[in-house]
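J.: One structure follows; several queries about it will come next.
The values are calculated or read from the model by the stated rules, or taken from the named source; none is laboratory data. No experiment lies behind these values; they were computed from the predicted model shown. No Cβ is skipped: glycine too gets one built from the backbone with ideal geometry, and neighbour counts run over all protein chains shown. What goes into the accessible areas is simple: the full protein's heavy atoms, side chains included, and nothing from ligands, DNA or RNA. Shrake-Rupley method; radii C 1.70, N 1.55, O 1.52, S 1.80 Å.
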Amino acid sequence: MQESSLQKLLNDYGRRQVPSPSEELHWAGLVRRWLDYPGGPDAAPRSIQRAGRRSRDRLVEGNVRWVVAIAKKYCCSNYSDERLMEAIQSGVLGLIRAIERFDHTRGYKLSTFSYFWILQGIQRGEEHRLTIRLPDAVQFECRKIERAALALSEKGERPTQERLAEATKIPVHRVKSRLAVLPLRHLASLDSVHGDDHDSPLVDLIADPNQTLEADVERQAMTDWLDGQLAQLPERQRTAIAFMREGRDRKEAARQLGISTSAVALHQSKAINALRHRLQRCPDTIAA
């Protein structure tokens, strides 16, 4: 079985070695030495710059598993592999920012310090997908309400506004307003790609109103022609075929015409054959 792109990414991250506490302190010290150099990181000697960048890369590679764990916890179960990959990539950017701000002398672990930076990176990456930008506070509460609604649904409970307010500790009036803007978080840009080939803009999938109008005109012309031809049929054939077009039972037609159901079927067959014969004689009638 061929591995998906997500599985390949996770397997690659899983092979990265987690740094020991002493390695983490050493590499973090080299990063700080580079970034805090008097005059700025660009003014540092090349040896310090190379050591700082190499140490930052090692810390990123060693903590990618932490990013994957946070991304999986943040993303809903109905997220596609593509969305999860994007969340991981956004989380890695947050991890890089955390490493560049990490002060190893305070005694904290990088994983503890970087948690909120990674989460913020994932959330901001998700917000950049939106066509309509919402304030950060609104986004935060919308995400909280979505997670609470999913948790309640999984328990078999109906996620009413009152239950959501109770679960999220958000006032009911704000829950109501956040539920009203939730659809805006899932709008897609017309320029966004769609499909397995990731090469088809969404705008190409929207029906052309002119083509729809042409189809409606053709359909109406066919209906008018059919009604005109039916009007020329004998009364019993016209009634029998009318019941067929409406999807009604032959027994109803038989009761109305005072004949048997087999006779109704015969009249319907004669009507269809007559219409088919007339259509073959004038194939350009509808197109004209």
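J.: My understanding is that a pair violates if its Cα-Cα distance is over 22 Å; which of K73/K176; K72/K169; K8/K73 do that in this structure?
T.: Working: K73/K176 26 Å; K72/K169 24 Å; K8/K73 19 Å.
Correct reply: K73/K176; K72/K169.
J.: Moving on. As a test question: what accessible area, to the nearest 10 Å², does L25 have when a 1.4 Å probe is rolled over all protein chains in place?
T.: 90
J.: Pop a pseudo-label 7 angstrom from the Cα along the beta-carbon direction at both E166 and A265 and give the gap in nm to one decimal.
T.: Taking the two extended label points, one gets 6.1 nm.
J.: Right, something else. Full extension from K109 to V18: what is 0.36 nm times the residue separation minus their Cα-Cα distance, to one decimal in nm?
T.: On the way: separation 91, 0.36 × 91 = 32.76 nm, distance 1.30 nm.
Difference between extended and current length: 31.5 nm.
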